[in-house]
Amino acid sequence: MKKEEMNYEKWLEQLKKTPPVLKNPDALTEDIMRAVKAAPFRNRPVRRLNFAAWCSAIAATLLLGLWVAEAVAVDPILSSEVTRIPKPYQEQTLTDERSYERLMTGEKREIFFSASRSRKKKMLKRERLYTRYEQIMKNE
């Protein structure tokens, strides 16, 4: 067994020491370069334009443009479909003398939500007071 192992190691050493014999090194180099050039990662497939993707991108751009235009533009004519904030809330929230009709959409939205926020704060304050009162009554 040891003799076989020794022979195997000698053969292995001889194989490691002897360099490979090339008959035509230039042809081998050309074959390698052709294989690299023909590799699939080099030749990317031609992508066809996806019609649906282009249409959705254009539609998204148009919607974004319309949204920005609505936020920036002033509505000169109020239609009957526009929801108006009732007078009491207008008086509470509008401190300057600008008319509600001349406000921009973003300002109208801010007025409405600030009024609803203040109402919500008042409700929460009342609920806290009520729960405190209940706790005091239970403890007595």
Check on Y8, modelled with pLDDT under 80, among the aromatic types (F, W, Y) and surrounded by 10 or more Cβ atoms within 10 Å (Cβ to Cβ):
no
Suppose we filter the stretch 106-140 for residues that are loosely packed, with under 12 Cβ neighbours inside 10 Å and at pLDDT below 80; how many remain?
2
Pick from L103, L94: which is at pLDDT below 85 and touching a Phe, Trp or Tyr at 6+ places or on another chain (Cβ under 9 Å)?
L94
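The values are calculated or read from the model by the stated rules, or taken from the named source; none is laboratory data. If you're wondering where the values come from, they're calculated on a predicted model, not measured in any experiment. Cβ: placed from backbone, ideal geometry, glycine included. Neighbour counts: every protein chain shown.
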